[in-house]
1. What about V28, is it assigned by TED's automatic domain parsing to the domain that holds L141 and either surrounded by 22 or more Cβ atoms within 10 Å (Cβ to Cβ) or farther than 30 Å from D279 by Cβ (or both)?
2. Select from the stretch 324-356 the residues that are of a type in the set (A, V, I, L, M) and not in a helix (DSSP H, G or I) and list them in ascending order.
3. Out of curiosity, is G259 within 22 Å of A105 (Cβ to Cβ) and assigned to a loop (DSSP other than H, G, I, E, B)?
4. Can you find, within the stretch 198-236, the residue that is nearest to S187 (Cα to Cα) among those that are out of contact with any Pro (no Cβ under 8 Å at 6 or more places or on another chain) and basic (K, R)?
5. Hey, can you tell me all the residues within the stretch 212-234 that are touching a residue at least 40 places away in the same chain (Cβ under 8 Å) and within 22 Å of the chain's Cα centre (by Cα)?
6. Of all the residues that make up the stretch 20-30, how many are touching a residue at least 12 places away in the same chain (Cβ under 8 Å) and either acidic (D, E) or part of a helix (DSSP H, G or I) (or both)?
7. Could you identify the single residue in A171, A199, A195 that is small (G, A, S) and assigned by TED's automatic domain parsing to the domain that holds L141?
8. Six or more apart or on different chains, Cβ under 8 Å: which pairs go from a residue in the stretch 289-303 that's assigned by TED's automatic domain parsing to the domain that holds G140 to one that's part of a helix (DSSP H, G or I)? Could you list them?
Amino acid sequence: MTSSQSPSPQRFSLAELARVTQALFVAVGMDLEKARCVTDALLTADSMGHSTHGLALAPWYLEAARSGVMSVTGDKIVVNDRGACVTWNGNRLPGAWLIHQAIDAALERIEQYGVVMVVIANSHHTGALATYLPRLTERGLLVQLVNSGPAAAGVAPFGGTQALFTPNPIAAGIPTTGAPILLDISSSITTLNSARQLAARGERFPANWAMDAQGRPSDDPAVVISGGGTLLPVGGFDHGHKGYGMALLAEALTQGLPGHGRADAPVGTTIGIFLQVIDPNAFAGLDAFTRQTGWLADACHANPPLPGGPRVRLPGEQALVRQREAMEAGVPLAQGTVDALRLLAEGEGLQFPLLF
């Protein structure tokens, strides 16, 4: 069965899913505030349509918490603090909690400095970066958020055949006069999580998004997960130097700046994070900024679409529509995710939500 033939996902109450998911994380010893942040990140991802980074990750996160791969209590270590430039060691704490902590720090300092950067080494997994952006764009702040996994590899440098990078997502939130522009793009054509989930279901990529160990194009995610192959960088075989360049930039920001990365040969799940928050009022002003970004958004919407195609959308536009739908009509979950979560909930004596 291909992805396009998969049955329609079931929908569940956002509040009820949050109740059960948060309780599952608390049950493995996670601090309540950390459990809340992780739950919110996963559910927001599902609400936005980023299902590969939603509750499908909860069983993995819970196992990481039980085994000690993810720290569930404690605090980050401040490595350096120069006001507008902050460096932390994340102590393998949940990435969602660490990013919220970094946003808190940026919001406390942004009026004074205009630009604040927080870099974090040794975080656990962060989930979908797009989920964190609206907290800043709704305040009229421009944000860049980048991460990488220095202990993992799944993407070869352009022209090579051996995995070196992770997909290294680069996200940005841009305020406009209307809805924000929310970018969340990886430096590879797709993600390792997507490849794992497709391979587990026996499905294939829509096109040749990978190459096998001999450097031949492939649409089989299994060649990446278990066959020694790699994901292709953005641009593929023709223009993969573009994704390769993005990956190099991401690694410099998320490993070079915090000072911990591939050169240290880390093991396990460890993520490097770069957060930059910019206040347009420290420059020409928010009104001047959104006058330009609003014009650009309107011009994109007004651009003539392809014959028979829908109007031009902005990055993140559909995700915000889906998020509103999830609040009104329930969060969509695939059957495999529902089955896994129901089993975990029953094991803790929790009642899994009924259909919305």
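The values are calculated or read from the model by the stated rules, or taken from the named source; none is laboratory data. Because the structure is a prediction, the values reported are computed rather than measured. Counting neighbours? That spans all protein chains shown, and the Cβs are built from the backbone with ideal geometry, glycine included.
1. Values: assigned by TED's automatic domain parsing to the domain that holds L141: no; either surrounded by 22 or more Cβ atoms within 10 Å (Cβ to Cβ) or farther than 30 Å from D279 by Cβ (or both): yes.
No; evaluated as a whole, the condition is false for this residue.
2. Taking the stretch 324-356 and keeping what is of a type in the set (A, V, I, L, M), we get 326-327, 329, 331, 333-334, 338, 340-341, 343-345, 350, 354-355.
The answer is V331, L333, A334, L350, L354, L355.
3. Values: within 22 Å of A105 (Cβ to Cβ): yes; assigned to a loop (DSSP other than H, G, I, E, B): yes.
Yes: the conditions hold for G259.
4. Per the criteria, the residue is R216.
5. Within the stretch 212-234, V224, T230, L231, L232, P233, V234 qualify.
6. Qualifying residue count, the stretch 20-30: 7.
7. Just one listed residue meets the conditions, A171.
8. Short answer, once both residue conditions are applied: F289/P280; T290/P280.
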